[in-house]
C-alpha cells in the first residue's frame, strides 16, 4: 500500500486494485484552496469572537467586584459587634448600629414570604396543571406584566390601598407590598419546575389510585420542591434590597420594633436615610449597612445554589 | 389487610398445568370498546376477555392501539386531554365505565407498570413500595403491617435480597432493572386483581428483562396479567394467550402456542413471520 502515498506522474497507469489514483482536477484544487482560505478566515473569526465574549464575561462580573471592593473599603471599618447589636445613635453622635434595621428586614422578608409564597406557588401549580386554557394564558401574561412593574408603583398602590385605610405606616403594609412583588417570580419558577417533572411520574401516581390533587401535591410538587425553593430564595433576595415600596409603607423606625402593626426599620431604608444625612459618621454606617445587605443576598443566593444541587437527591421522609 | 397473601398451591414445576376451573373464571371483559384522542379513533370496537390467573399478551406493530387499549382497562386513557372512550369494560361483571364508578377506585384494583421505570424520586425504596397504601384512608395499614406488605412485595419481585439493607435509601440509586421491579412491587403492594404491563422491559437490558419475565410468569398464580409487548419472543415466553392487534382492531386472540404456530388469520401470520411491522 506504499504506492498510495508515493508521488505519481501524470501518465501513471491505473493499477488493480482500483484505489483512487487520479490526480486532483483543476476544479478540485481550486476547491481545496478555497477551503484553505475559508478555514483560515474561520480561525481568525473564532479567535476574535472568543476574545469578545470573554471580555464581555469579565465586564459582566466587574461591577460586582468593584462594588464589593468599595463597600469593604468604605464600610468594613464600621462593622463591629455594636453594628449588629445596637440601634442608631442620634445624628452627630459616634457609634451605634443597625440591629433594628436587620431585624426589620428579617420581619419584612418573613411577612412578604408568608403572603407571597403560598399565592405564588399555588398560582404556579395552577398554571402548570392547566396549560393552554385561556385563564392560564391570561394569568401567565398578567404575571409577566406584574414582574416588570416598577417597584415604586407597587409602593404607591400599597400606600393608597393599605396605608391610607389603616391610617398609619405599618410593617404589614410593607410585607404585603414586597410579597406582591415576589408573586410573579415565584409563580413562573414554580410553573417551570413543575413542568419539568416527567409526565410518567404523574401517570405512575394516578395509576396507583392517587387522586389528581394528591398527585399534584405529594408527587409532583414534592419532586419539584428543590427547584421551587430555589425560586423562592431568588425572589426573597430580590425583595430584600427593595427600597421604593418601603418608603411608602413602613416608613422606617429609629427604635426597636418587630410589630407588624407599627412602622419598622429596614436595612435599605436605613442605608438611604444615612446616606442622605450630612454626617460623615452616618455615611460610613450606610456603607457598612450596604455591605451587610449584600452579604445577606449573597448568603441567600448560595443557599439557593445548594438547594438546586440536591435536586432529585434523596428528599427523605 | 393480611400480612401474608393467600396463595395458590405452588406447582411442582412452572410448566405444571394449572387447575382448569380457575382459567375459566372471567376477570376482565372488554365489549366493543373504542378509544379516541380527539376525533382519531385509536382502538376500534375491540371485544376481548382477559381470564383470571392467566397472562395475556397483546402484540402488534407500533401505533396499532395496544397501549391505548391497555390504558382503557384502568381508565388511565381519560387522563389525557381530549381522550374518550365508548363501549364497556367489566371487572368481575361490574362495568368500570358505568356512571358513579370512581376511576380512582378502579385504578386501585387494576395496577399498571409503564415502559420506563417511574420510581418517585423523593421517596425511599420502602416508601415507594408503600406509596399505594398511603392513600387508603381509614383502611391504611399500620406501620408494622406496611413493613410486612413492603417486604412481601419486594420478595415477590425478587428485590428483597438486593435492597433489604437499604430500604431507607433513595429509589433513584437503583439500577434500571431494579427500578422497574420496584415499580412492579409498588403495583403489587395494593393487591390489585389485575396487573397491566405496558412494555415493561422496553428500557431494560437482557438480564433485567429475564428477571421481569420470570416475575410475570410467577404473577399468574394469583392475578390476571395483561402485557403489551413489541417483542414476540417475550409474548411467547410469558403468556398463556396472545392477542394480535392491527390498526386499532383486534385481529385474533388464541392460546399463545396456537397463535404462533397456526394462526387463523393471514395478517397474523404475516406479522409473526416478519413480513411487516
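Values as computed for the structure displayed
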item: For residues of B:121-128, the mean tally of beta carbons on other chains within 10 Å; result: 5
item: Tilt relative to chain A, helix A:26-75 - C-alpha long axis, 0 to 90 degrees, to 10; result: 20
item: Tensor-based shape of region A:21-157 (alpha-carbon gyration tensor, a/c under 1.5 rounded, otherwise prolate or oblate); result: oblate
item: Mean-position separation - Cα centroids, region B:52-127 and region B:245-264, in angstrom; result: 22
item: Value of [θ]222 nm, deg cm²/dmol, for chain A, DSSP H segments ≥ 4, -39500 (n - 2.57) each, nearest 500; result: -22000 deg cm²/dmol
item: Extension gain (nm, one decimal) between residue A:62 and residue A:160, 0.36 nm per residue minus Cα-Cα; result: 31.3 nm
item: Helical mean residue ellipticity (222 nm; -39500 (n - 2.57) per DSSP H run of 4+; nearest 500) of chain B; result: -9000 deg cm²/dmol
item: C-alpha long axis of helix B:206-219 to longest principal axis of chain B, angle in °; result: 90
item: Ascending count of other beta-carbon atoms within 10 Å, so fewest first, for B:273, B:122, A:249; result: B:273, B:122, A:249
item: Neighbouring partner chain Cβ atoms per residue of B:109-115, average, 10 Å criterion; result: 3
item: Part-to-part distance (alpha-carbon centres) for region A:113-179 and region B:137-213, which is given in Å; result: 45
item: D (Stokes-Einstein, µm²/s), Kirkwood Cα radius, region A:101-266, 1.567 mPa s at 4 °C; result: 77
item: Over chain B: Kirkwood hydrodynamic radius from C-alpha pairwise inverse distances, Å; result: 19.3
item: With Cα atoms, 0 to 90° folded angle of helix A:280-309 axis to chain A main axis; result: 50
item: Kirkwood Rh in Å, taken over all unlike Cα pairs in chain A; result: 24.4
item: Simple spin-label estimate for residue A:74 and residue B:31 in nanometres, 7 Å along Cα-Cβ; result: 8.4
item: Fewest-first ranking of B:37, B:271, using other Cβ atoms within 10 Å as the exposure measure; result: B:37, B:271
item: FRET efficiency estimate (nearest 0.05) - Cβ-Cβ, residue A:192 to residue B:94, R0 45 angstrom; result: 0.60
item: Burial ordering of A:81, A:220, A:197, B:129, fewest other beta-carbon atoms within 10 Å first; result: A:81, A:197, A:220, B:129
item: Cα-projected label distance for residue A:168 with residue B:39, points at 7 Å along beta-carbon direction, nm; result: 6.8
item: Residue A:84-residue B:168 FRET efficiency (beta carbon distance; Förster radius 41 Å; 0.05 resolution); result: 0.50
item: Max mean-square fluctuation residue, GNM over chain A, Cα-Cα springs under 10 Å, options A:91, A:24, A:63; result: A:24
item: Inter-label distance for residue A:299 and residue B:207, nm, one decimal - labels placed 7 Å from Cα along Cα-to-Cβ; result: 5.0
item: Inter-centroid distance (Cα atoms) of region A:51-88 relative to region A:271-287, Å; result: 17
item: DSSP-defined beta bridges in the protein assembly as shown - what % are antiparallel, rounded to 5; result: 60
item: Residue with peak Gaussian network fluctuation, chain A [Cα springs, cutoff 10 Å], from A:108, A:62, A:172; result: A:62
item: The protein assembly as shown, Cα convex hull volume normalised per residue, Å³; result: 305
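None of the figures in this text is laboratory data; all of them are computed from the coordinates on show. Owing to the predicted nature of the structure, the values given are computational and were not obtained by experimental measurement. Here the Cβ is made from the backbone with ideal geometry for all residues, glycine too, and neighbour counts use every protein chain on show.
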